1. On a straight-distance basis, which lysines could pair with K256 in a cross-link, Cα separation under 29 angstrom, same-chain partners fewer than 8 positions away excluded?
2. How big is the dipole moment of the chain about its Cα centre under a simple scheme where the beta carbon of each Lys and Arg is +1, that of each Asp and Glu is -1, and everything else is neutral? Debye, nearest 20, please.
3. Under 8 Å for C-alpha pairs, at least 6 residues apart: give me the relative contact order for region 177-319, rounded to a whole percent.
4. Only four residue types carry charge here, +1 at the Cβ of Lys and Arg and -1 at the Cβ of Asp and Glu. Report the dipole size of region 169-319 about the Cα centre in Debye, rounded to the nearest 20.
5. Compute the acute angle (0 to 90°) between the alpha-carbon long axis of helix 69-79 and the principal axis of greatest extent of the alpha-carbon atoms of the chain; round to the nearest 10°.
6. Could you identify which residue out of I36, I51, I262 has the top mean-square fluctuation in a GNM of the chain using Cα springs shorter than 10 Å?
7. How tilted is helix 212-221 with respect to the longest principal axis of the chain? Cα atoms for both, answer in degrees (0 to 90, nearest 10).
8. Mind ordering 236-247, 189-200 by average Cβ neighbours within 10 Å, highest first?
Amino acid sequence: MIASVIIPTHLRHDSLNLILEDLYNQEYPKDLYEVIVVDSKEHVENTQEFIHNIQFHNFVKILEADNNIAKKRNTGAECASGEYLIFLDDDMRVGGNFIETHIAAHIEPGLIVSGRVQFPEKWIRESNYYKYKNSRHVGRYNDGAKLSGHHFTSMNFSILKHTFLLMNGFDESFQFYGGEDIEFGLRADRFGVKHRYCEKCVAIHCETQGSLKSFMNKVYKAAFYSHPLVIAKSPATQYITTFILTEDGFQRPLEKEMLFLIVDRLANSKVINILLALLGRLNRNSFLYSPRLYMLLTLIVTRKAATDRYMEKYDPIFD
């Protein structure tokens with residue numbers, strides 16, 4: 001077996017059906033790859049029944065794990081038969097040459113290959129919010145570019161199973177949303193694992209469309225719960241701008257200290273709600289797209305989470 005495609009899932013049968021259909025229709029020989037779906041223990045019976053009723057159910061292996069994204073990925077990897085592991089989220093769509101392209105991108109042993117991730121073109125064209133979110137995905141580099149660990153994304157990457165297990169997989173101590181992916185990328189840097197970008201390994205992110213407010217609440221949750229773990233486990237966070245400008249305890253050059261003070265002053269619900277309202281009104285006007293406003297909002301939401309954490313007050317809901 002050459003490749004194992006691992007998909008963690010949770011209550012997303014509609015999108016899961018689409019990605020499984022894409023993987024069934026690959027040009028790569030079917031005897032050279034397998035597909036592994038890992039669902040939460042409390043929902044795995046429903047997923048088994050759902051997959052049993054689709055046309056290509058014999059093509060999919062179903063596993064169960066605790067409802068922890070790191071645990072699900074690790075469970076899939078441990079049970080995989082493939083030499084290479086390809087990880088996808090359950091709300092992605094891929095073309096017919098996806099697996100073949102990922103395998104071909106491993107031009108030297110021990111690589112992490114991050115593929116291109118983007119939202120549907122129509123979403124990007126019609127929404128400034130999705131234009132901004134798309135800019136946060138891997139997809140702004142030259143093909144073959146070397147990536148640093150904090151640019152790692154877990155929703156479309158491949159790695160030798162041997163390398164993954166040597167790294168001990170994803171850190172399962174991340175119990176809440178976010179953090180396990182950037183920690184994995186930074187740990188890969190410490191292990192000396194090379195990280196390359198593959199433009200041709202494309203996955204379209206067809207998430208359930210949400211609002212800017214809901215996305216910022218996820219940013220808040222990740223910063224509140226996961227940033228302390230990432231900082232404790234990854235010394236390299238002292239060089240990452242998001243952490244420098246939003247977390248206490250970092251040494252900063254004067255210009256970064258000034259920016260930190262500005263972000264800190266703006267990090268309150270009133271300013272956040274003003275920016276949410278403004279960007280909401282401008283969302284359909286592509287001429288008034290301002291990535292800096294979105295970046296500022298992201299920073300001050302992250303800083304608010306850090307100050308709320310210090311005060312032991314979890315308060316993510318923005319009106």
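Each reported figure results from applying straightforward, stated rules to the coordinates on display, with no laboratory input. Every value quoted in this text rests on a predicted model; they were computed, and no experiment measured them. Counting neighbours? That spans all protein chains shown, and the Cβs are built from the backbone with ideal geometry, glycine included.
1. Of all the lysines, those that pass the test against K256 - Cα under 29 Å, at least 8 places apart if same chain - are K131, K133, K146, K213, K218, K221, K233, K270, K304, K313.
2. Working: 37 positive and 39 negative charges, 282 e Å.
That gives a dipole near 1360 debye.
3. Numbers: 114 pairs, mean separation 44.3, N = 143.
Taking the mean separation of contacting Cα pairs over the length of region 177-319, I get 31 percent.
4. 440
5. That works out to roughly 20 degrees.
6. The residue with the greatest mean-square fluctuation here is I262.
7. Compared with the principal axis, the helix lies near 90 degrees.
8. Most protected by this proxy first, the peptides run 236-247, 189-200.
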